Every structure is written in structure tokens, then in C-alpha cells.
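The values are calculated or read from the model by the stated rules, or taken from the named source; none is laboratory data. Source: prediction; values computed, not measured. Here Cβ is always computed from backbone atoms with ideal geometry, including for glycine, and neighbour counts include all displayed protein chains. Surface areas here come from the heavy atoms of the whole protein model, side chains and all, with no ligands, DNA or RNA. Shrake-Rupley method; radii C 1.70, N 1.55, O 1.52, S 1.80 Å.
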Amino acid sequence: MTWSNMLVNCLVTAGEAIWFFLPAYFANATPVVLGGGKPIDLGRNFLDGRRILGDGKTFRGFLLALAAGTLIGALQQRLFIGFIMSLGAMLGDMAVSFLKRRLGLKRGDPLPVGDQLDFVAGAIALTAPVVSIPLSYVIAIVVVTPPIHLGTNALAYVLKLKKKPW
Ligand code: CTP
Ligand code: MG
């Protein structure tokens, strides 16, 4: 196999992986635009006196993320996978927020790698038991997501959708 063949194969796999995880991408992005309102932790603190999740995790963001991801799944003719994947994405996002608060990081403070891959990890965890995911897709999505995430967040910052550029 030539180098150019390998490059084409990598790009095709990356494209297929993004298509596969598209419901998770939409679920993760939707709250940035449409989220807000009542926080899921209802403003309460954990045992350490810090917020359980923080004001960045809201009911509206959560529900609209599920709706958006499920809609994308439906358009891909796999509604249930879209729903489960979106749920996983949001649970992964919340798990990392929980971890960030325990580390004393405030809402919006960066946690490199965690911030970029929380939703992908959650999506994989909940989707893998339902449908087999090629290992190549997992590797591809872990590689391509951080740069895509950093790029789209910087764009959201420029568009004043996000307060922080990461
Ligand atoms: N968001 C929301 N509800 C959710 C998830 C996200 O409303 N369940 C919105 C919030 O406005 C949040 C934004 O989407 O600020 C971006 O999400 P994220 O970057 O994950 O949150 P952070 O503000 O960085 O908060 P944290 O430090 O807890 O990760
Ligand atoms: Mg997050």
C-alpha cells in the first residue's frame, strides 16, 4: 500500500467515524446555543462544599441535547442509537463537570482532554452495548475530536455564544 492510499484510508475512516458519532456531536453542541436556565444540581453543593455540577449543566441544555441527537439519529435511520448516544454524551459531559468541581475548578475553567473527550467517552460507553463500534472508529474519533472541539469552541467564542474560547 502506498502512502497516498494510507492517507485516503485514514481520511475515509475519520469521515465514517464522524458520521457514526454525529448524534453525539449535535448533542454536545446544542446546549452551547440553546442551553441555560435551571441547573440540574438545583444550585446545591456536594459534601466538599463545592457545587455538584455547576451552572453550566442545565435541564434545558440536557433535554435539547437529547432532542437534537435523537433527531440526527432519526435522519440517519437509527433513532434509538441517536437517543442512547446523546444520553451517553450528556452523562459523560456531566461526569467531567462533577470531576472538575471536585478538583476545585469553576464553571468554564479548562480541563484539557476531559473537556474535549467527555462527551465522546460517554457516547461510546452507552452505545457500545447496543451496537458494535469498529475500533478504528473509536481511535479516529479520539484523534479528530480534540482539534474539532477546539476549533468550534473558538468559533462559538467569536460568535459570543461562549464566554471562554475553549
Ligand atoms: N450547557 C447547558 N446544559 C448542559 C450542558 C451544557 O446549558 N447540560 C450549556 C451551558 O451554557 C455551558 C455550555 O453549554 O456553559 C457549554 O458546555 P460546557 O463547555 O460543557 O460547560 P462549561 O461552561 O465549560 O462548564 P463545566 O466547567 O462544568 O464543564
Ligand atoms: Mg464539558
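Taking residue 33 as the residue in question, decide whether it is assigned to a helix (DSSP H, G or I), out of contact with any Cys (no Cβ under 8 Å at 6 or more places or on another chain) and within 18 Å of residue 161 (Cα to Cα). Yes: the conditions hold for residue 33.
Note on region 29-59: residues that are within 27 Å of residue 146 (Cβ to Cβ) and either open to solvent by 30 Å² or more (accessible area, probe 1.4 Å) or basic (Lys, Arg) (or both) amount to 12.
Comparison of 56, 61, 49 shows that the only residue that is more than 10 Å from ligand 1 (Cβ to nearest atom) and among the small types (Gly, Ala, Ser) is 49.
Looking only at helices (runs of 4 or more DSSP H) that fall completely inside region 55-148, which ones have 3 or more residues that are in contact (Cβ under 8 Å) with a residue 40 or more places away in the chain and of a type in the set (Gly, Ala, Ser)? Quick ask: steps written out before the conclusion?
Working: elements: 59-75, 79-102, 114-127.
Result: 59-75, 79-102.
So in region 107-123, with the set limited to residues that are of a type outside the set (Gly, Ala, Ser) and under 16 Å from residue 65 (Cα atoms), which one is surrounded by the most Cβ atoms within 10 Å (Cβ to Cβ)? Can you show your working first?
Just the residues of region 107-123 that are of a type outside the set (Gly, Ala, Ser), to begin with: 107, 109-113, 115-120.
Filter once more, keeping what is under 16 Å from residue 65 (Cα atoms): 118-120.
Working: 118: 24, 119: 30, 120: 24.
Among residues in region 107-123 that are of a type outside the set (Gly, Ala, Ser) and under 16 Å from residue 65 (Cα atoms), the one surrounded by the most Cβ atoms within 10 Å (Cβ to Cβ) is 119.
Looking across 96, 113, 130, one residue alone is touching a Pro at 6+ places or on another chain (Cβ under 9 Å) and either modelled with pLDDT of 95 or more or more than 16 Å from ligand 1 (Cβ to nearest atom) (or both). It is 113.
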